[in-house]
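**Q** Let me begin by handing over the structure; questions about it come next.
What follows draws every value from the coordinates through simple rules; no lab data is involved. Just so it is clear, the model here is predicted, and its values are computed rather than measured. Ideal geometry is used to build each Cβ from the backbone, glycine not excepted, and the neighbour counts take in all protein chains shown.
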Amino acid sequence: MPEQISPFSPEKLLDLARTSHASLFQGISRVWEVLPRLARYLEERLEPVVLGEVSPLATVGPRVRIEKGCVVEAGAVILGPAWIGENSMIRPGAYLRQNVIAGRGCVLGHCCEFKNALLFDSAQVPHFNYVGDSILGAHAHLGAGAILSNLRLRGDEVRVRFGQTVFPTGLRKFGAILGDGVQVGCNAVLNPGSILGRGSLVHPGVVWSGYLPEGAVAKAAVRPVVAEVPGAVR
């Protein structure tokens, strides 16, 4: 696919000025190629330090960098390696596994789990979410209970469909790429290999697969039907 029409180039989906880790994308033509780089990037560049406020009831591993202005609340667990940007909040029950990078002003919320994930500045993941092997652009937001599934049921390679073309990714685990400003509604599920263009929106409860164009809206195809219950008291 010619680069000028590719929806998968990082610049098409993400403002690389809204992350302190833009060097991850050097030489990348398809945005998911960043995911296998996170572990080595952190291994080579992470200098553990705690500059923010960490509750004594939180658990923070030895390979974690928490920048100034961050707040890590009681009950949060950061195993690391992890790098948390300035003024971000890690709320109670958040579980950060290996290779998590969050930008400035992010929210990693209550009972949310993160693994091999990159969050651009001001991304918000506030309540009961799973974010595995995924990238969230600046100001992306997940509603309560939204899930970014990262593993196919058969456990085989995740592929990305664009129109009639299927792109192999070489990845067995690959969740979703959310462009800048994407909004995902409560209890929506993004199947492995989902890519959402900038400013797109997924309605609550939608199960989505594949590519959603920039500014598009994914709605549930079937609306609830209201029926009378026989013998109901009125």
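**Q** Mind checking the full-extension length gain between THR165 and VAL226? Use 0.36 nm per residue of separation minus the Cα-Cα distance, one decimal, nm.
**A** Answer, rounded to one decimal: 18.0 nm.
**Q** Next question. What residues qualify as long-range amide H neighbours of TRP208, i.e. H under 5 Å apart, gap of 5 or more or another chain, H built at 1.01 Å from N?
**A** VAL189, LEU190, ASN191
**Q** Still on this structure, I have one more. Taking the Cα centre of the chain as origin and charging only Cβ (+1 Lys, Arg; -1 Asp, Glu), how large is the dipole, in debye to the nearest 20?
**A** So the magnitude is around 520 debye.
**Q** Rounded to whole Hz and in sequence order, give me ³J(HN,Hα) for the range 50-59 from the Karplus expression 6.51 cos²θ - 1.76 cosθ + 1.60, θ = phi - 60°, writing x for Gly and Pro.
**A** 10, 10, x, 9, 10, 5, x, 9, 9, 10
**Q** Compute the distance from the alpha-carbon center of the range 1-71 to that of the range 150-172, in whole Å.
**A** 23
**Q** So for the pair CYS186, ARG172, with labels modelled 7 Å out along Cα→Cβ, what separation do we get in nm?
**A** Placing both labels 7 Å beyond Cα along the Cβ direction yields 3.7 nm.
**Q** Something else about it: Rounded to the nearest 5, what % of the DSSP beta bridges within the range 139-226 are antiparallel ones?
**A** 30
**Q** Can you compute 3J(HN,Hα) from phi for each residue in the range 201-208, using the Karplus curve 6.51 cos²θ - 1.76 cosθ + 1.60 with θ = phi - 60°, rounded to whole Hz and x for Gly and Pro?
**A** Couplings: 9, 10, 5, x, x, 6, 9, 10 Hz.
**Q** Another one. With each pseudo-label sitting 7 Å past Cα toward Cβ, what's the SER20-VAL77 distance in nm, one decimal?
**A** 2.6
**Q** Working out 0.36 nm times the residue gap between ILE28 and ALA144, then minus their Cα-Cα distance, what length gain in nm do you get to one decimal?
**A** Full-extension gain reported as 38.6 nm.
**Q** In addition: Name the residues whose placed amide hydrogens come within less than 5 Å of the amide hydrogen of CYS106, ignoring near sequence neighbours (fewer than 5 apart) on the same chain.
**A** SER88, MET89, SER122
**Q** DSSP beta bridges in the chain, what fraction antiparallel, as a percent rounded to 5?
**A** If I count the DSSP bridges inside the chain, around 10 percent turn out antiparallel.
**Q** At SER6 and HIS203, where each label point lies 7 Å from the Cα along Cα→Cβ, what is the point-to-point distance in nanometres?
**A** Output for this residue pair reads 3.4 nm.
**Q** Right, something else. Starting at the first residue of the range 153-169, write each ³J(HN,Hα) from the Karplus equation 6.51 cos²θ - 1.76 cosθ + 1.60 with θ = phi - 60°, in whole Hz, x for Gly and Pro.
**A** 4, 7, x, 8, 4, 7, 10, 10, 9, 10, x, 9, 9, 10, 9, x, 10
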